[in-house]
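The values are calculated or read from the model by the stated rules, or taken from the named source; none is laboratory data. These numbers were taken from a predicted model, which means no experiment stands behind them. A quick note on method: Cβ atoms are made from the backbone with ideal geometry, for glycine too, and the neighbour counts reach across all protein chains shown. Just the protein is used for accessible areas: all its heavy atoms, side chains included, with ligands, DNA and RNA removed. Shrake-Rupley method; radii C 1.70, N 1.55, O 1.52, S 1.80 Å.
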Amino acid sequence: MRRTLGRALMGLFALALPAAADTVSNFTLDNGMQVVVIEDHRAPVVTHMVWYKIGRADEAPGHSGIAHFFEHLMFKGTKTVAPGEFSATVEQQGGNDNAFTSNDYTAYFQRIAADRLDLMMQLEADRMVNLTMSEEDVATERQVILEERGQRVDSDPASLLREQMSAAQFLNHPYSIPVIGWRDEIAALTRQDALDFYRAYYAPNNAILVVAGDVDPQAVLEMAKTHYGPLPPSDKIKPRQRPAEPPQLAERRLVLSDQRVAQPYIARSYLAPERNPGDQKQAAALAVLAELLGGSGTTSILARALQFDTQTAVYASAFYDGTSLDPETFGLVLVPSEGVALADAEKAMDDVIAEFLKKGVNAKDLERIKTKVRAAEIYSRDSAGGLARDYGAALAVGLTLQDVADWPNLLQAVTAEDVMAAANLVLNRNQAVTGWLTATEAAQ
């Protein structure tokens, strides 16, 4: 199964667009489980997702990676469903399933014919409370995760750089710790750790059910009442209060040298505010800023200046999401052209940013970005699964249905003044981490 282990610094930024649908219904079961139904009747299929409001940043100290570890264990079977039978059943019904873990949530989903939804709820509700985990199951999956860390992180210099940059960016907040966890702490996770985690956090009052597709909301509600309604809430769910990050007073820099690096590059992350319930205007401006600076490999400010005008770089990008519970980061990536030193490439990037801060937003560029946003919003309606993910991710970090509905209009309402205010707030080297990835020792 594919797992989400963090934001890829080398990926192109995509606007965190909201889901758009004609009809969205919202219910709450007596046990506290939120049920969101997104109607999309164009095809007889449905996406069924359960989002748990527990992620890497909610783990107890010394237990890093347990949220991701437990995601694996959820496929180990229950009293009535054998290990592996869950996914096999979904496949036999013509569907597919998967799961992923992030800093702020863990989600499980199935995409299947609409008339199989009742079966999916039955299976998912079963493993919410009836999971069985033998010592052998725990030992096997622990080893799988250690091997996964070895393959995806320890053997990948780019992943190691991301880890080191996050650790440098956050001195006190748990966003500093990787979703997969630190190797020594993964190795020490026990069956009792997993059971305690399960009994505390895998409960209906800590979960959001999102169903998107060819369904009737009242029928979905009745199914949810039948399968999820009888499940007991947990008395261990507390407000998600995490350690606060102290003010960053100076830039932090690091160089990671590794013989396996084929293409050196520069990455920089700035502390940046997140989307907040009822207060998303600043986040919308940051989303537009990222698109302006580096959202396109041909028309963005960094691409035009560094890839085409001066040919300093072969790749330049900027990215921002904002769909997180706490402040996260605004990022830049620059891959220098052959023969261009990292120091020279970084200076060129900083010169472009300084010029942008001085001159401000080009009106035509801003209009182009808004047109792109409108088009992306329309395209986002083509996937019921995408709709379910948009809503689930937003709700899991404390945003509301109204916030999701408001997001497209907020993006369209962003002004040049809003963008420059956001840029001047965030593009501050004193609250940044700059990382160099190189095959050899590089002078700073």
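Given the conditions (1) open to solvent by 40 Å² or more (accessible area, probe 1.4 Å); (2) on the phi < 0 side of the Ramachandran plot; (3) modelled with pLDDT under 95, which single one is not true for G6?
Unmet for G6, out of (1) open to solvent by 40 Å² or more (accessible area, probe 1.4 Å); (2) on the phi < 0 side of the Ramachandran plot; (3) modelled with pLDDT under 95: (2).
All but one of (1) in contact with a strand residue (DSSP E or B) (Cβ under 6 Å, 6 or more places away or on another chain); (2) in a loop (DSSP other than H, G, I, E, B); (3) of a type outside the set (K, R) hold for A318; state the number of the condition that does not hold.
(2)
Looking at D321, D309, D344 in this structure, which one is touching a helix residue (DSSP H, G or I) at 6+ places or on another chain (Cβ under 9 Å) and charged (D, E, K, R)?
D321
Is it the case, given these coordinates, that E91 is in contact with a helix residue (DSSP H, G or I) (Cβ under 7 Å, 6 or more places away or on another chain) and modelled with pLDDT of 95 or more?
Working: in contact with a helix residue (DSSP H, G or I) (Cβ under 7 Å, 6 or more places away or on another chain): no; modelled with pLDDT of 95 or more: yes.
Here the answer is no, as E91 does not meet what is asked.
Which of the residues that make up segment 20-62 are over 21 Å from the mean Cα position of the chain (by Cα), assigned to a loop (DSSP other than H, G, I, E, B) and closer than 24 Å to D214 by Cβ?
Within segment 20-62, A21, D22, L29, M33, D40, H41, R42, A43, P44 meet the criteria.
Does A388 satisfy being open to solvent by less than 10 Å² (accessible area, probe 1.4 Å) and in contact with a His (Cβ under 9 Å, 6 or more places away or on another chain)?
Numbers: open to solvent by less than 10 Å² (accessible area, probe 1.4 Å): yes; in contact with a His (Cβ under 9 Å, 6 or more places away or on another chain): yes.
Yes.
Before we move on, is A187 in a strand (DSSP E or B), more than 20 Å from G398 (Cα to Cα), among the aliphatic types (A, V, I, L, M) and modelled with pLDDT of 95 or more?
Details: in a strand (DSSP E or B): no; more than 20 Å from G398 (Cα to Cα): yes; among the aliphatic types (A, V, I, L, M): yes; modelled with pLDDT of 95 or more: yes.
Spelling it out, it is not the case that A187 is in a strand (DSSP E or B), more than 20 Å from G398 (Cα to Cα), among the aliphatic types (A, V, I, L, M) and modelled with pLDDT of 95 or more.
Here is a check on your reading of the model: is D326 charged (D, E, K, R) and either open to solvent by less than 20 Å² (accessible area, probe 1.4 Å) or in contact with a His (Cβ under 7 Å, 6 or more places away or on another chain) (or both)? Can you show your working first?
Working: charged (D, E, K, R): yes; either open to solvent by less than 20 Å² (accessible area, probe 1.4 Å) or in contact with a His (Cβ under 7 Å, 6 or more places away or on another chain) (or both): yes.
Yes; evaluated as a whole, the condition is true for this residue.
Given the conditions (1) buried (at least 21 other Cβ atoms within 10 Å of the Cβ); (2) outside any helix (DSSP H, G or I), which single one is not true for G398?
Looking at each condition in turn, G398 falls short on (1).
Applying the selection to segment 271-326, what residues are aromatic (F, W, Y) and within 19 Å of K364 (Cβ to Cβ)?
Our first condition is that a residue be aromatic (F, W, Y); within segment 271-326, this holds for 308, 315, 319-320.
Across segment 271-326, the qualifying residue is only F308.
Can you confirm whether segment 19-34 contains a residue that is out of contact with any helix residue (DSSP H, G or I) (no Cβ under 9 Å at 6 or more places or on another chain) and either open to solvent by less than 30 Å² (accessible area, probe 1.4 Å) or modelled with pLDDT of 95 or more (or both)? So that I can check it myself, show each step before the final result.
First, the residues of segment 19-34 that are out of contact with any helix residue (DSSP H, G or I) (no Cβ under 9 Å at 6 or more places or on another chain): 22, 28.
Those still in the list that are either open to solvent by less than 30 Å² (accessible area, probe 1.4 Å) or modelled with pLDDT of 95 or more (or both) too: 28.
For segment 19-34, residues out of contact with any helix residue (DSSP H, G or I) (no Cβ under 9 Å at 6 or more places or on another chain) and either open to solvent by less than 30 Å² (accessible area, probe 1.4 Å) or modelled with pLDDT of 95 or more (or both): present.
Looking only at residues in segment 84-113 that are out of contact with any Phe, Trp or Tyr (no Cβ under 6 Å at 6 or more places or on another chain), of a type in the set (G, A, S) and buried (at least 19 other Cβ atoms within 10 Å of the Cβ), which one is farthest from S234 (Cα to Cα)?
If we take residues in segment 84-113 being out of contact with any Phe, Trp or Tyr (no Cβ under 6 Å at 6 or more places or on another chain), of a type in the set (G, A, S) and buried (at least 19 other Cβ atoms within 10 Å of the Cβ), then G95 is farthest from S234 (Cα to Cα).
Based on what the data block shows, is E124 modelled with pLDDT of 95 or more and over 17 Å from A203 (Cα atoms)? Step through it out loud before you land on a result.
Working: modelled with pLDDT of 95 or more: yes; over 17 Å from A203 (Cα atoms): no.
Taking the combined requirement at face value, the residue does not satisfy it.
Among the numbered criteria (1) free of Cβ contacts under 8 Å to residues at least 24 places away in the same chain; (2) more than 21 Å from L410 (Cβ to Cβ), which one does A375 miss?
With respect to (1) free of Cβ contacts under 8 Å to residues at least 24 places away in the same chain; (2) more than 21 Å from L410 (Cβ to Cβ), A375 is out only on (2).
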